[in-house]
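Step one of this worksheet: look at the structure below.
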Amino acid sequence: MDRIIIKGGRRLTGRIPISGAKNAALTLMPCALLTDEPLTLRNLPRLADVDSFGHLLNQLGVSTMIEGARQGEFGRVMTLRASTIVSTVAPYDIVRKMRASILVLGPLLARAGEATVSLPGGCAIGNRPIDLHLKALQALGAEIELAAGYVRAIAPAGGLTGGTIRFPAVSVGATENALMAAVLAKGTTVVENAAREPEITDLAMCLNAMGARISGLRTDTLTIEGVDRLHGATYSVMPDRIEAGSYACAAMITGGSLELVGARRETMPAILSGLEDAGAVIESGDNGIKVSADGGIKPLSLSTAPFPAFPTDMQAQFMAMLSLAEGTSLLTETIFENRYMHVPELNRMGADIEVRGRSAVVRGVGHLVGAPVMATDLRASMSLVLAGLAAEGETQVHRVYHLDRGYERLEEKLQAVGADIERASDG
Ligand code: UD1
């Protein structure tokens with residue numbers, strides 16, 4: 001298995017191109033199921049999760065064709081075409097590896113009238129049930145059956161009908177499934193307490209480009225007027241705000257200065273204000289965001305919550321940064337119940353972090369020391385890379401496959417701005 005080896009202590013300066021957003025890609029790809037015409041996605045990141053999602057769609061009958069990007073463009077261009085749906089089943093083997101597979105439920109149901117998806121089960125960062133996804137589909141008339149570890153959704157004979165979906169709690173994935181199911185339903189659907197994450201707006205804009213009629217973008221109430229059919233479209237995946245935020249933390253933790261090319265300020269308000277409160281100087285323009293630090297990190301008090309508040313997907317990276325702050329920080333996780341798996345690993349590197357229920361008390365220390373470490377999820381792994389960039393000596397981050405799920409060309413991007421980082425293979 002691969003490892004990432006980092007020799008810490010180098011100040012990072014330069015430009016890092018920000019890739020297309022993983023979480024946007026994973027909800028834009030299943031839109032291809034909604035039409036028999038081609039959907040071309042530009043700026044798609046090269047990530048293990050994107051490949052896995054492509055394989056899942058192939059099994060359902062979607063052809064996927066990859067072309068290189070145009071000059072000056074990052075990422076890949078993929079054309080997806082679901083001329084006919086050949087299967088409506090997302091099997092256990094794929095769903096267990098990639099929870100986002102649940103996002104085929106809504107579009108399959110809308111296009112084929114039924115969908116069977118393996119229940120995702122628990123995952124490293126908590127229970128993650130899918131009850132909200134199912135309630136949304138039921139509100140559009142679907143019948144839901146649960147059997148043998150699978151959920152089966154069936155549309156009524158005349159197809160799905162519009163309705164009111166009132167989410168009792170904010171869920172990104174359930175809002176996405178609701179949108180993808182409602183676009184082809186008869187009549188009007190109103191989604192209340194919808195998630196407002198920028199990836200939801202990206203999804204709604206792509207669906208509208210395919211002929212859907214969704215209004216209320218960027219708000220918590222989305223109105224969808226159902227249409228008879230959708231057509232093909234070409235759409236460019238938004239830049240990854242979590243990747244950008246992670247590299248912003250790399251600038252901070254090394255006292256460096258990084259230009260995050262392509263990053264969009266409006267998609268990361270709480271991340272940027274957190275960085276500013278910690279002492280970063282942030283400049284933004286049409287081409288991206290520049291984050292500069294002087295080496296000092298001020299402590300923060302932050303709580304994760306749905307957009308526009310501070311994202312849970314940045315909690316681990318901020319914790320790594322704050323482990324070197326001049327004082328004590330308090331981080332509270334309100335989205336996932338078990339998202340502190342990086343804490344013992346950061347402590348092994350010399351951090352002083354104590355978990356108290358849903359909060360973590362981070363007492364800033366003078367320095368971190370390199371160590372062999374491993375993490376159980378994507379963002380936790382990135383927090384260890386960040387700690388390694390600032391630590392004295394060598395850090396080896398194991399289980400690199402987590403990083404490959406969500407960070408495109410990680411070592412290459414960090415090497416280009418001065419990091420001493422490389423990948424080594426044990427086998
Ligand atoms: C998405 C993101 C993930 C991010 C998360 C929160 C993708 C592929 N993943 O995950 O990176 O961390 O949003 O911003 O986009 N919940 C229920 N019932 C449900 C669904 C969710 O109780 O049916 C709970 C979850 O357990 C969690 C909370 O709602 O506590 C938020 O989860 P949700 O927004 O659905 O996250 P995902 O869409 O899975």
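The values are calculated or read from the model by the stated rules, or taken from the named source; none is laboratory data. Note that this is a predicted model, so its numbers are computed, not measured. Methodologically, a virtual Cβ is constructed for each residue, glycine included, from the backbone with ideal geometry; neighbour enumeration extends over all protein chains shown. Quick note on the areas: whole protein, heavy atoms, side chains included, nothing else; ligands and nucleic acids left out. Shrake-Rupley method; radii C 1.70, N 1.55, O 1.52, S 1.80 Å.
Please determine whether any residue of segment 158-167 is more than 30 Å from L378 (Cα to Cα) and modelled with pLDDT under 95. The answer is yes, given that some residue of segment 158-167 is more than 30 Å from L378 (Cα to Cα) and modelled with pLDDT under 95.
Just one of the listed residues (R348, R363) is surrounded by fewer than 18 Cβ atoms within 10 Å (Cβ to Cβ), away from the ligand (no atom under 16 Å from the Cβ), modelled with pLDDT of 95 or more and over 18 Å from C249 (Cα atoms), and it is R348. Scanning segment 2-41 for residues that are over 30 Å from L368 (Cβ atoms) and either β-branched (V, I, T) or away from the ligand (no atom under 16 Å from the Cβ) (or both) yields T27, A32, L33, L34, T35, D36, E37, P38, L39, T40. Candidates are the residues of segment 375-393 that are open to solvent by 20 Å² or more (accessible area, probe 1.4 Å) and out of contact with any helix residue (DSSP H, G or I) (no Cβ under 7 Å at 6 or more places or on another chain); the one that is farthest from G296 (Cα to Cα) is T376.
Within segment 318-339, can you find the residues that are assigned to a loop (DSSP other than H, G, I, E, B) and either more than 18 Å from G255 (Cβ to Cβ) or of a type in the set (K, R) (or both)? Scanning segment 318-339 gives E333, T334, I335, F336, E337, N338, R339.
For E408, the criteria (1) more than 16 Å from G9 (Cα to Cα); (2) more than 21 Å from the chain's Cα centre (by Cα); (3) of a type in the set (D, E) hold in every case but one, which is (2).
Can you go through T88, T27, T13, T84 and tell me which one is in contact with a strand residue (DSSP E or B) (Cβ under 6 Å, 6 or more places away or on another chain) and farther than 30 Å from A293 by Cβ? Walk me through it before giving the result.
Working: T27 fails: in contact with a strand residue (DSSP E or B) (Cβ under 6 Å, 6 or more places away or on another chain); T13 fails: farther than 30 Å from A293 by Cβ; T84 fails: in contact with a strand residue (DSSP E or B) (Cβ under 6 Å, 6 or more places away or on another chain).
Answer to the selection: T88.
State all residues of segment 135-176 that are open to solvent by less than 30 Å² (accessible area, probe 1.4 Å), within 15 Å of the ligand (Cβ to nearest atom), part of a loop (DSSP other than H, G, I, E, B) and within 21 Å of T201 (Cα to Cα); if no residue qualifies, say none. Correct list: F167, S171.
Pairs meeting the criteria (first residue in segment 290-312 and farther than 22 Å from A380 by Cα, second residue open to solvent by 30 Å² or more (accessible area, probe 1.4 Å), beta carbons under 6 Å, at least 6 apart or on different chains) are K290/E259; K290/E283; S292/V281. Hey, among the residues in segment 42-51 that are under 22 Å from D93 (Cβ atoms) and among the hydrophobic types (A, V, I, L, M, F, W, C), which one's farthest from the ligand (Cβ to nearest atom)? Ranking the candidates gives A48 first.
Among strands (runs of 3 or more DSSP E) entirely within segment 201-302, having at least 3 residues that are of a type outside the set (S, T, N, Q) and crowded, with 17+ Cβ neighbours inside 10 Å singles out 257-261, 288-292.
Checking each residue in segment 314-345 for being under 19 Å from A278 (Cα atoms), open to solvent by less than 30 Å² (accessible area, probe 1.4 Å) and either at pLDDT below 95 or within 16 Å of the ligand (Cβ to nearest atom) (or both) picks out M314, Q315, A316, Q317, F318, M319, L331, E333. Look at (1) assigned to a helix (DSSP H, G or I); (2) in contact with a Gly (Cβ under 9 Å, 6 or more places away or on another chain); (3) buried (at least 24 other Cβ atoms within 10 Å of the Cβ) and you find that P107 fails only one, number (2).
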